[in-house]
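Some notes on the structure that comes next.
The values are calculated or read from the model by the stated rules, or taken from the named source; none is laboratory data. Source: prediction; values computed, not measured. All Cβ positions, glycine included, derive from the backbone under ideal geometry; neighbour counts span all protein chains shown.
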Amino acid sequence: MVELFEQDIRTNDRQSSKGNQLKWENNGIWYKADYLGYEGLAEYIISHLLCKSSLEKDEFVLYDLEEIKYKTTIYTGTKCDNFLHGGWQIITLERLFKNFFNESLYKSIYVIESSSERLKFLVEQVERITGLKNFGQYMNKLFTIDAFFLNEDRHTHNIAVLMNEKGDFAYCPIFDNGAGLLSDMQQDYPMTEESAELMKGVHAKTISSDFDEQLDISENLYKSQIKFAFTEKDVTELLQGASIYPVEARNRVNEIICMQIRKYKYLFETS
């Protein structure tokens, strides 16, 4: 357990559509407290399963579990290394577009009728502003992760690039998957409901409300850029190490991922 104080509190513009988690930074470590359920468990499981994928280690943020004492309350949550070194800062796509065009990227996207054209527009504008290449491939990685793990919070405030003091841009490691795996037990996904039924009501937020439509479009435009190599046994072992969370939550996460492994067989490496 770690004890954190008011001087450690950090706020930012990457607010969730459902509110904002308590977040801190202390001695080079970022901490996040659970807000609506088991966001920390989702972050932990997803990031550790991404270790068993075709992604390089610097392409995503690795989260570990932590109990956090703040004032008189003890929270479950996560911690991760602060990857912002050498003057780099996170710039969300919404802020990037607003700074450049003085308009909302989200609103500009949804003026476009076709979901495919929305993605092309997003990719073209980011590449135009930043000079980054292959942003479409990056979006495919995000859409693959979101579809598989049902991350419903990937709006334009939750996709980002890195910028340094010179104005240079770089890719941001993939972060903030805590809204996945039906982690919101309080508002939308109560533990009393069947997982399979709840999964039907989860919606994407980037260019479409349909995860599979987003994924199909990105694969058609930019090809599939990520393969998974984890097994159901890997999931079980990770969940056994997450005993700070109730068994009911861990069982539901296990059930969801097992169903998704069967649904998305093509995303897994074949020997």
Among strands (runs of 3 or more DSSP E) entirely within segment 59-99, at least 1 residues that are out of contact with any helix residue (DSSP H, G or I) (no Cβ under 8 Å at 6 or more places or on another chain) and among the polar types (S, T, N, Q) occur in 73-81, 89-92
Looking at the structure I just gave you, is I112 touching a Lys or Arg at 6+ places or on another chain (Cβ under 9 Å), of a type in the set (A, V, I, L, M, F, W, C) and over 17 Å from E59 (Cβ atoms)? yes
By residue number, the members of segment 247-271 that are under 16 Å from T76 (Cβ atoms), touching a residue at least 24 places away in the same chain (Cβ under 8 Å) and either of a type outside the set (A, V, I, L, M) or surrounded by fewer than 15 Cβ atoms within 10 Å (Cβ to Cβ) (or both) are E248, R250, R252
The residue from Y35, Y44 that alone is modelled with pLDDT under 95, aromatic (F, W, Y) and closer than 23 Å to D184 by Cβ is Y35
Scanning segment 141-172 for residues that are farther than 24 Å from E213 by Cβ and acidic (D, E), the one modelled with the highest pLDDT turns out to be D168
Of (1) buried (at least 16 other Cβ atoms within 10 Å of the Cβ); (2) hydroxyl-bearing (S, T, Y); (3) under 19 Å from the mean Cα position of the chain (by Cα), S209 fails just (1)
For segment 85-107 the number of residues that are of a type in the set (D, E) and without any contact (Cβ under 8 Å) to a residue 12 or more places away in the chain is 1
Can you spot a residue in segment 153-160 that is buried (at least 22 other Cβ atoms within 10 Å of the Cβ) and either among the aliphatic types (A, V, I, L, M) or assigned to a helix (DSSP H, G or I) (or both)?
yes
So Y110, is it farther than 16 Å from Y171 by Cβ, free of Cβ contacts under 8 Å to residues at least 40 places away in the same chain and either in a helix (DSSP H, G or I) or basic (K, R) (or both):
yes
Sole miss for S17 among (1) modelled with pLDDT of 95 or more; (2) over 25 Å from E248 (Cα atoms) is condition (1)
F101 passes all but one of the listed conditions (1) closer than 26 Å to I226 by Cβ; (2) surrounded by fewer than 17 Cβ atoms within 10 Å (Cβ to Cβ); the exception is number (1)
Check: Is it the case that segment 182-197 has a residue that's in a helix (DSSP H, G or I), under 18 Å from the mean Cα position of the chain (by Cα) and buried (at least 19 other Cβ atoms within 10 Å of the Cβ)?
Finding: no
In segment 227-271, anything assigned to a loop (DSSP other than H, G, I, E, B) and either charged (D, E, K, R) or closer than 18 Å to D212 by Cα (or both) is listed as K227, Y264, E269
Flagged pairs (Cβ under 7 angstrom, 6 or more apart or on separate chains; first in segment 59-84, of a type in the set (G, A, S); second assigned to a helix (DSSP H, G or I)) are G77/G40
Exercise for the section: Evaluate the following for K32: is it within 15 Å of D176 (Cβ to Cβ) and assigned to a strand (DSSP E or B)? Expected result: yes
